[in-house]
Structures are given as C-alpha cells and as structure tokens.
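K.L.:
Quick one: the structure is below, and I'll ask about it shortly.
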Amino acid sequence: MIYGAECWPAKKKHTNKINVAEMRMLRWMCGYTRKDRMRNEYIRKKVGVAPIEDKLRESRLRWFGHLNRRPIEAPVRKIELLDFAHVQRGRGRPKKTWQETIRSDLSYLDLDKNLVTDRAQWKQRIHVADPT
C-alpha cells in the first residue's frame with residue numbers, strides 16, 4: 001500500500017486515507033468489525049504494528065538520507081540544482097512539495113540535515129519500532 005511512498009509529498013488527506021484502509025485490514029485480521037467498537041490503539045497493540053504515518057515518515061527520511069549521501073554529480077542529486085523560477089504557476093495555493101514534507105518530518109523528529117552523513121546514527125534516529 002505504501003510502495004514508493006518515500007517520494008510522495010503526502011498531505012493529511014492522503015495519510016488519513018491510508019490509515020483508514022490499514023485499520024480496515026487490521027480489523028479484518030483480528031475478526032472485528034466497526035460495530036464491535038474496538039479502539040484503533042487496542043487493535044494496533046494486539047496485532048503489533050506501528051502507526052502508518054510513522055512508517056511513512058521513516059521511509060521518506062530513509063530515502064532523504066540515501067539521496068544526501070550520494071555525490072552531487074549523481075543524476076538523482078542534479079534535480080536539486082534545477083531552477084524552476086521561470087515556470088508559470090497557476091492561481092491558488094501552491095502544491096505541497098517533497099522538500100516541505102521532509103522539512104516538517106525533520107522538525108517533528110528534531111533532526112538536522114547534517115546528521116545524514118553518519119549512516120548508523122541516522123538509521124537509529126529515524127527507525128520506528130513496532131510495539132510488540
């Protein structure tokens with residue numbers, strides 16, 4: 001369900017829809033329905049899975065770390081150097097960018113961009129353990 005999610009600039013709407021779909025699957029696995037009125041936290045604890053938004057954040061930051069450890073000449077990193085100032089945007093609110101999502105993820109976990117170079121520490125800081 002979250003294959004390739006590390007590249008999405010996920011909005012709350014997207015995260016909520018994925019969360020709802022995941023909870024339906026977890027309820028089905030446990031044999032509960034919405035009529036049983038079991039709390040999501042109870043079902044997550046019973047199955048032993050972390051919240052999907054934490055897993056999405058972990059995958060985005062893992063990809064961010066991978067990108068920033070690449071040399072600047074790498075094709076993946078050349079995208080950062082592109083200048084989109086000449087592109088005409090439409091009216092209304094600007095679309096949420098992947099960089100904005102990463103900035104909010106970094107601030108949520110109180111991480112620094114420069115920590116990416118130390119792979120072991122970066123992996124330890126972004127890892128979301130399943131509650132077992």
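The values are calculated or read from the model by the stated rules, or taken from the named source; none is laboratory data. What you see is a predicted model; the values in this text were computed from it and never measured. So basically every Cβ, Gly included, is an ideal-geometry build from the backbone, and we count neighbours across all protein chains shown. Heads up: the accessible areas ignore ligands, DNA and RNA and are worked out on the full protein's heavy atoms, side chains in. Shrake-Rupley method; radii C 1.70, N 1.55, O 1.52, S 1.80 Å.
K.L.:
Please count how many residues of region 34-62 are part of a helix (DSSP H, G or I), within 24 Å of A10 (Cβ to Cβ) and not β-branched (V, I, T).
P.N.:
Selection size over region 34-62: 13.
K.L.:
Counting just the residues of region 73-92 that are part of a helix (DSSP H, G or I) and not β-branched (V, I, T), which one comes out farthest from W63 (Cα to Cα)?
P.N.:
Among residues in region 73-92 that are part of a helix (DSSP H, G or I) and not β-branched (V, I, T), the one farthest from W63 (Cα to Cα) is L81.
K.L.:
With S59, S104 as the choices, which residue is closer than 19 Å to D130 by Cα, within 13 Å of the chain's Cα centre (by Cα) and at pLDDT 90 or above?
P.N.:
S59 is the lone residue from the list that is closer than 19 Å to D130 by Cα, within 13 Å of the chain's Cα centre (by Cα) and at pLDDT 90 or above.
K.L.:
Six or more apart or on different chains, Cβ under 9 Å: which pairs go from a residue in region 66-80 that's within 16 Å of K123 (Cβ to Cβ) to one that's open to solvent by 100 Å² or more (accessible area, probe 1.4 Å) and among the basic types (K, R)? Could you list them?
P.N.:
Cβ pairs passing all conditions: N68/K113; R69/R119.
K.L.:
Are any residues in region 74-93 open to solvent by less than 80 Å² (accessible area, probe 1.4 Å) and over 19 Å from A5 (Cβ atoms), and if so, which ones?
P.N.:
Listed by number, the residues that qualify are A74, R77, V87, G90, G92.
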